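The values are calculated or read from the model by the stated rules, or taken from the named source; none is laboratory data. Computed from a predicted structure; not experimentally measured. Methodologically, a virtual Cβ is constructed for each residue, glycine included, from the backbone with ideal geometry; neighbour enumeration extends over all protein chains shown.
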């Protein structure tokens with residue numbers, strides 16, 4: 001029986017779902033593990049149309065590095081935005097829309113990038129171009145659009161490209 | 001001793017967290033339009049809730065001796081949902097207040113997906129105004 005091909009198309013999702021179930025249960029029991037694994041196998045099967053191909057994570061240590069960088073940036077973003085809100089006159093802010101051309105292709109990577117942009121310094125991702133090759137980003141204070149875009153590409157997109165290939 | 005340190009840490013984190021949550025809400029009042037207001041709740045509030053959750057973890061682990069994973073799950077859900085909510089609000093804002101011509105170009109043949117749904121033939125006509133209804137409620141929007 002070709003177990004891997006048919007029933008476990010997405011071993012990573014299975015593991016994540018099982019782990020998530022244990023977190024929700026808040027304790028590790030045999031029943032919990034079995035139930036988690038059951039859900040981990042059944043849910044990807046049931047939603048298989050969402051996952052036409054397995055998301056390829058090429059470089060697991062990079063995922064850890066990326067997570068830490070983003071967490072740090074979230075803290076910095078919070079302090080910075082709080083500072084602007086409290087101490088700057090509204091007129092001093094230079095909000096603007098900008099276009100971030102994409103060099104990554106997998107939907108998972110683009111979703112991660114859009115989410116990261118929203119959570120980090122003064123930027124919110126608003127829209128995707130119809131062909132999926134550019135992101136529309138709104139900056140709360142972006143006097144130099146090119147610099148902000150270059151920062152996003154270098155800090156996040158480059159790393160996501162290494163993770164997702 | 002350990003209890004005292006933990007209590008001080010928990011108190012500090014709660015104060016920090018609520019301060020950031022307050023600043024985030026203040027941003028909603030202070031900032032001029034929806035696009036800039038979006039920045040308040042997506043960021044300042046994340047750290048606010050985050051700090052309170054860390055405080056909760058420390059409290060239950062050290063003072064009650066009962067480690068709980070639920071805070072991690074809450075954090076994860078928050079990180080999954082905050083960008084999505086922001087994205088949907090931004091899209092609604094674009095529809096109501098911004099014309100496609102006002103946005104920077106995609107530098108591609110096709111326009112932004114909100115105005116130019118994928119799968120339809122051909123690029124967006126340059127003068128097309130996506131706001132067809134409801135009839136102009138606010139004059140040309142806030143931007």
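Scanning segment A:118-156 for residues that are more than 10 Å from every other protein chain (Cβ to nearest Cβ), closer than 19 Å to residue B:108 by Cβ and part of a loop (DSSP other than H, G, I, E, B) returns no hits. If the condition is being exposed (fewer than 15 other Cβ atoms within 10 Å of the Cβ), in a helix (DSSP H, G or I) and modelled with pLDDT under 80, then segment B:82-120 contributes B:101, B:102.
Checking every residue in segment B:14-24 against the condition of being within 21 Å of residue A:22 (Cα to Cα) and modelled with pLDDT of 85 or more gives zero matches. Against the list (1) at pLDDT below 85; (2) within 12 Å of chain B (Cβ to nearest Cβ); (3) surrounded by 13 or more Cβ atoms within 10 Å (Cβ to Cβ), the condition residue A:91 fails is (3). Checked against (1) away from chain B (no Cβ under 14 Å); (2) more than 26 Å from the chain's Cα centre (by Cα), residue A:57 meets all criteria but (2).
For segment A:80-117, a residue qualifies if it is assigned to a helix (DSSP H, G or I) and more than 20 Å from residue A:155 (Cα to Cα), and the qualifying residues are A:82, A:83, A:84, A:85, A:86, A:87, A:90, A:91, A:92. Only one entry in B:49, B:62 is assigned to a helix (DSSP H, G or I), out of contact with any strand residue (DSSP E or B) (no Cβ under 9 Å at 6 or more places or on another chain) and touching a residue at least 60 places away in the same chain (Cβ under 8 Å), namely B:62. Can you say whether residue B:79 is at the interface with chain A (Cβ under 10 Å from one of its Cβ atoms) and assigned to a loop (DSSP other than H, G, I, E, B), as far as the supplied structure shows? Judged against the criteria, residue B:79 is not a match. For segment B:86-104, a residue qualifies if it is more than 8 Å from chain A (Cβ to nearest Cβ), free of Cβ contacts under 8 Å to residues at least 24 places away in the same chain and touching a helix residue (DSSP H, G or I) at 6+ places or on another chain (Cβ under 9 Å), and exactly one does: B:92.
You will find that of A:18, A:77, the residue that is part of a helix (DSSP H, G or I), under 24 Å from residue A:115 (Cβ atoms) and in contact with a strand residue (DSSP E or B) (Cβ under 9 Å, 6 or more places away or on another chain) is A:77 and no other.
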